[in-house]
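Take a look at the structure below.
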Amino acid sequence: MPTRSSKQSYGATAFVAAFWVGILAITTLAKPFVPEDRNDSLSAEPGDFMRPAREQRVNWRVFDTSAINDARRLNRPLFIFSGTSWSLVGKRVDNLMRTSEVAEFLNREFVCVRIDHEVNRTWRSGLVPILRAARGDDPTFGAYIVTPQAELIDAPDEEVLMSVNDRRFLGYLRRVLNRYAAKEVAPTTQIARDEQFALCGGTESGTADLDLYIDQVQQSLDLKGGGLAAPGLRRIPTVAWELLLDEGLSQNVRESLDPLLLSPALDWMNGGMHEYFLPDTPTQVQFVRTTSGNASLLRTLSRLAATTNHPWLFAMAERQFESVDRSFALPESPIVYRDEMDDLNRSPRQSFRPNALPQILSGNQLTLAQRLWNLDPWGNPQMSPFISKPDDYLAQREEADAVLEKLAAGRDSSPPNSNEASSFGRTAEAVAALHASARLLGNTELKARASERFTNLRQVMRTGPNDVYAGLFAQTARPGDLLSYVSYAEAAWETFLNSGDPTIALDGLEVLRRGLFLFSDENGNLRAEILDEFPAEWQNALLPEVLDSPNASLVSRVAIISRLYGLWPGSKDQQSILRERSDQIVRRSAAIFDNLNYRGAGMARAARLADRPNPIGIVGSADWPLLEKQFPGVPLIRLERPEGTEPAGYYVLEAGNWVGPAPYSTLAERIANR
């Protein structure tokens, strides 16, 4: 009996074993055909750059103290992947992450962190920003291998990441791991330490050769094809253009801007301008329209229009005003940027059905569309219309704009906007640009619209006595970061210059002071966000951006707006404090100008503002275009209008006090004597 029972047990055991072996074999064979589980660890995180990670096998984490603590506990380095949804390098690396072997290796050997630049501004510059700019890396992307103690092991350059396949990428990761295991101090680690030392004031100096740097900026422009004279994708250097306008080099700006106004980079259909494009290839434009880039372009066009009185530039500035107002200046709109298909031949934003144009446009309108934009009415015009004859457009501007409106309405339905988060800071940038443009163009109607936009912004952005919101995600307001405080202060300042209402300037001043208090450490180092929960070594390693990406760097904007408020008498006892804060930032910026071409333009503007004589304060009516032509680069600050019968004139800052008013006829002599 016992023997028989034993035999039955062996048989049952063998059957169960065979069953599970079969199940395992079937599972293994079927694995390639079974969809991967969704990576839901980032489902609650804002930012379009985070969305692709939800469909990957990599176990992505957000950047927080738990990721750092896990890296320490497991003795693994952190693989930090930061960028924007429109970064070409980021898309290339994302493709590498989709292979099982790469994903499994990363999950096994690293703690993987993914960061959206537009949401987490701490990583806009990331680590070694000067090194990465000098070698020409894409400013919208960064990859870093970092120890749990915030020591940088490596930051692979753009060329390497764009050229490797999954096998070579794995080889690179293994070499980095070997260096980590051997505790080697790689050259990149020392470079990171040196940059951190310099940018935190270790080499404070006011001796940067700005004239040499400005020459380098000029040389980086493509005066024939437009934009920057760089291989591959062209970038539109809006901040560099503003620097050159400060220097009175408007001709250089025009020569590098005019070809773009006559190219697919100018988006006639949707408004604004794309910041990346392929030269001489009308069917290849990467559809990226950022708030910052288009706000900066609006200021550039308005300044050129004001100083030249050229009808074409006035028309382009007014079109750009409409685009920025419609796409970026409304707080209820979630549009921070647009990211569409690279190839216009596949883009629903630029597509029409075959033979659709005769149904959309009347006979005369169709003729006009053919002549101005070279549209083929009988084909399938999937392209971005661009004008080659500005004079023809100006001669029939009203009719041409009506044609554009009908074309835009007659396209195939665009996909729904995919942005998940709004940014009030970006909205404030747009509002500030609207006010600057309206003032330069001398258009009272545009001034009124800009004022309405600021009122709307103020209602949704301001919270508490002197605080602001950063934006919305899933209809939930996010606390303000340094960008939101600075952007609001800029918008308030520009609104004040147009309205003359000192209470608006005081509101902006208090928000700026609050932001500087919240996001500065005891040594005066700025932080893009509050990092108190992070270890000290990580706080010291993460500095806000000092170099420009498609927009001016955050640090340069802090320096400029602090100086402007510091020169305003309404700041009273804060004047000297704000000017010293601006001077401190400029002194620390001297180290960034070596071996750069155009990405330090924002800091150069701040340094030039510090070097120049005290700005001229304008009260009452003034010929702004004439003043800008006579005194290129000299800051012009408009103060309160005189009360009662006090005459209009200009005020000059003397020993900290505004002296005046004096008649405009003495302005040239006063400047020469200073």
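The values are calculated or read from the model by the stated rules, or taken from the named source; none is laboratory data. Given the structure is predicted, the values throughout are model-derived calculations rather than measurements. When we count neighbours, we look across all protein chains shown, and the Cβ atoms used for this are built from the backbone with ideal geometry, even at glycine. These accessible areas exclude ligands, DNA and RNA; they are computed on the full protein's heavy atoms, side chains included. Shrake-Rupley method; radii C 1.70, N 1.55, O 1.52, S 1.80 Å.
Figures for the structure shown
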quantity: Ordering of 157-167, 217-227 by packing [mean C-beta count within 10 Å, highest first]; calculated: 217-227, 157-167
quantity: Relative contact order, percent, the range 104-253 [alpha-carbon distance under 8 Å, six or more residues apart]; calculated: 14 percent
quantity: Considering only the range 74-197, percent of DSSP beta bridges that pair antiparallel, nearest 5; calculated: 55 percent
quantity: Ranked by how many other beta carbons lie within 10 Å on average, peptides 491-501, 597-607 from highest; calculated: 597-607, 491-501
quantity: Asn75-Lys389 pseudo-label distance in nm [points 7 Å out on the Cα-to-Cβ vector]; calculated: 7.5 nm
quantity: Equivalent ellipsoid semi-axes - Cα gyration tensor, the range 97-153, angstrom; calculated: 22, 14, 12
quantity: P(r), alpha carbons of the range 452-493 - 5 Å bins starting at zero, rounded %; calculated: 5, 23, 34, 26, 10, 1, 0
quantity: FRET efficiency estimate (nearest 0.05) - Cβ-Cβ, Thr666 to Phe197, R0 45 angstrom; calculated: 0.40
quantity: In nm, spacing of pseudo-spin labels at Ile530 and Ser100 (7 Å Cα→C-beta vector); calculated: 4.6 nm
quantity: Gain on full stretching of the segment that runs from Phe517 to Asn309 - 0.36 nm per residue minus C-alpha separation; calculated: 70.6 nm
quantity: Local net charge near Asp594, Cβ-Cβ under 13 Å (Lys/Arg +1, Asp/Glu -1); calculated: -2
quantity: Two-site FRET efficiency, Gln219 against Ser163, from Cβ-Cβ distance with R₀ of 25 Å, rounded to 0.05; calculated: 0.35
quantity: At R0 = 35 Å, FRET efficiency that the Cβ-Cβ distance of Gln584 and Asp64 yields, to 0.05; calculated: 0.70
quantity: Reciprocal mean inverse distance between Cα atoms of the range 104-220 - Kirkwood radius, Å; calculated: 16.4 Å
quantity: In nm, spacing of pseudo-spin labels at Glu510 and Lys91 (7 Å Cα→C-beta vector); calculated: 4.6 nm
quantity: Sorted peptide list for 571-583, 448-460, criterion being average Cβ within 10 angstrom, highest first; calculated: 448-460, 571-583
quantity: Heavy-atom accessible area ranking, 1.4 Å probe, most first, across Phe141, Phe386; calculated: Phe386, Phe141
quantity: Neighbour net charge for Tyr180 - beta-carbon separation under 11 angstrom, K R +1, D E -1; calculated: +1
